[in-house]
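Since the structure comes first, as structure tokens, the remarks are kept for the end.
Derivation of every value follows stated rules applied to the coordinates shown; laboratory data play no part. These numbers come from a predicted model, not from an experiment. With ideal geometry, Cβ positions are generated from the backbone for all residues, glycine too; neighbour counts draw on all protein chains shown.
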Amino acid sequence: MKTKAAFLEKPGKIEEKPLKIKELELPELRENEVLIKVNACGVCRTDLHVVEGELGDVNNIVPGHEVVGIIERLGKEVKDKKIGSKVGVAWLYSSCGSCEYCLSGRENLCQNKRFTGFSKNGGYSEYIIADSRFIFNLPAGLKDEEIAPLLCSGAIGYRSFKLLHASPGSTIAMFGFGGSAHLTLQLAKKFGHKVIIVSRNENHLKLASELGADFTFSPKNGNVYENLRDKDIEDAIIFAPSAIPIMNALQIIKPGGKVVVAGIHIDGEIKIDYDSQLFHEKTLLSVESYTREDMLEYLRLATNLDIKPLYTDIKLEDANSALAELKNSEVMGVKVIKF
Ligand SMILES: [Zn+2]
Ligand SMILES: [Zn+2]
């Protein structure tokens, strides 16, 4: 059986359009795998990092890890999934199940895990094979294009938010306003926080205000510390893939505050001045992926709290240009490939 996919033979700059549309032969299903007909796949910044080779040299791969589709075939050992069910496939393709991390509820840190659209072919494809133990039954009442971005952009934002352990009603600053931030802003507002959005993109700041941001600021208009120091910011989440906002955020948060970095890759070097950026019990930490428990919690929350992405649907053939727009911060909300 064949599938039409956007295929990456070897990484390259997105401006050179490294993804090529190709017919690929699907391998035989292994005992725990399922075959899924893809309805929608979100376009995530991690896909851009994969395509441009920033996560290491990866060859002959189909990107895409925010996948919504219908199960068409089951491997021999799959007992808890049904043909015809709608499911989600996300970044964590599988983990080993037996290491110290897997055995302590931290499968996101498993050193033998595999990733959808990185170590296994992903959802920029009409069909995808997934490990049945790592796919998710999806909430009813949401469109496929609305669910897809929740599976990574949303879930990473949720894990970042969760790791803040923010005080009720506190002020959270978010740096960068792409797919993940626009969902996490909605989440934090529903939890009763004040949210400040920092971005260099005026259109992104306008969208942030429309989605409920209490205050927005562009570093083009002045020094971040001087302008935000009196805003009572307890914690911050960094969505922009850069070292500068991390250093800014450490400086503006209150004593005891946390800075969580949501990105899988950042540009530049973090240089920390101990006195002004880390002393007074400030914490800097990163987020890696999600656990299946996080995802189930988040999908339930997103449904109950009516958290929805602002999306534009595109064709598979538009994958290169969508990633180029993401690189240039031209996307409002998220782009989703619709099949
Ligand atoms: Zn493991
Ligand atoms: Zn992602």
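Report the net charge of residues surrounding Val331, where surrounding means a beta-carbon distance below 13 angstrom and charges are Lys +1, Arg +1, Asp -1, Glu -1.
-2
Could you please report the charge total around Gly222, scoring K, R as +1 and D, E as -1 over all other residues with beta-carbon less than 15 angstrom from its beta-carbon?
Every neighbour counted, the sum reads +1.
Tell me whether region 213-256 comes out rounded, prolate or oblate; compute the Cα gyration tensor, take square roots of the eigenvalues as a ≥ b ≥ c, and use a/c under 1.5 as the rounded threshold.
Rounded is the answer for region 213-256, as its axis ratio a/c remains below 1.5.
Can you compute the modelled spin-label distance between Ile70 and Glu288, with each label point 7 Å from Cα toward Cβ, in nm?
Calculated label separation equals 3.8 nm.
Of the peptides 92-102, 75-85, 170-180, how do they stack up when ordered by the mean number of other Cβ atoms within 10 Å, highest first?
170-180, 92-102, 75-85
Work out, step by step, the length gained on full extension between Leu278 and His165: first 0.36 nm times the residue separation, then minus their alpha carbon distance; give nm to one decimal.
Extra length from Leu278 to His165 when fully extended: 38.9 nm.
Given 0.36 nm per residue, what is the gain on full extension from Glu297 to Lys143 after removing their alpha carbon distance, in nm?
Extra length available between Glu297 and Lys143 comes to 53.6 nm.
Label Glu28 and Glu202 with points 7 Å out from Cα along Cα→Cβ: what is the distance between them in nm?
Output for this residue pair reads 6.1 nm.
About its Cα centre, what dipole magnitude does region 25-126 give when the only charges are +1 on Lys and Arg Cβ and -1 on Asp and Glu Cβ, stated in debye to the nearest 20?
With only Lys, Arg, Asp and Glu charged at Cβ, the dipole is about 420 debye.
Enumerate the residues in region 60-88 having an amide nitrogen under 13 Å from the point lying 7 Å beyond the Cα of Arg133 toward its Cβ.
Taking a point 7 Å out along Cα→Cβ of Arg133, the residues of region 60-88 whose backbone N falls under 13 Å are 77-80.
What whole-number value in cubic angstrom gives the convex hull volume per residue for the C-alpha atoms of region 48-204?
160 Å³
Before anything else, pin down the relative contact order of region 35-169: Cα pairs under 8 Å, at least 6 apart, normalised by residue count, whole percent.
After rounding, I find 32 percent.
Give me Rg/Rg_expected for the chain, where Rg uses Cα atoms only and Rg_expected = 2.2 N^0.38 Å with N residues.
Computed over Cα atoms of the chain, the ratio equals 0.98.
Per residue and in Å³, how big is the convex hull formed by the alpha-carbon atoms of region 154-286?
Convex hull of Cα atoms, per residue: 94 Å³.
Quick one: compute the contact order of the chain, relative version, from alpha carbon pairs under 8 angstrom and 6+ residues apart, as a percent.
Relative contact order for the chain comes out at 19 percent.
Cys99 versus Ser321, label points 7 Å from Cα toward the beta carbon: distance in nm?
Going from the Cys99 label point to the Ser321 one covers 4.1 nm.
Less than 11 Å Cβ to Cβ from Met247, Lys/Arg counted +1 and Asp/Glu -1: what total charge do the surrounding residues give?
It works out to a net charge of -1.
Tell me, in nm to one decimal, what length is gained between Lys17 and Leu109 on full extension, where the rule is 0.36 nm per residue of separation less the Cα-Cα distance?
Gain on extension, Lys17 to Leu109, equals 29.9 nm.
In whole Hz, what ³J(HN,Hα) sequence does region 255-266 give by Karplus (6.51, -1.76, 1.60; θ = phi - 60°), x for Gly and Pro?
Coupling constants for region 255-266: x, x, x, 10, 10, 10, 9, 8, x, 8, 8, 10 Hz.
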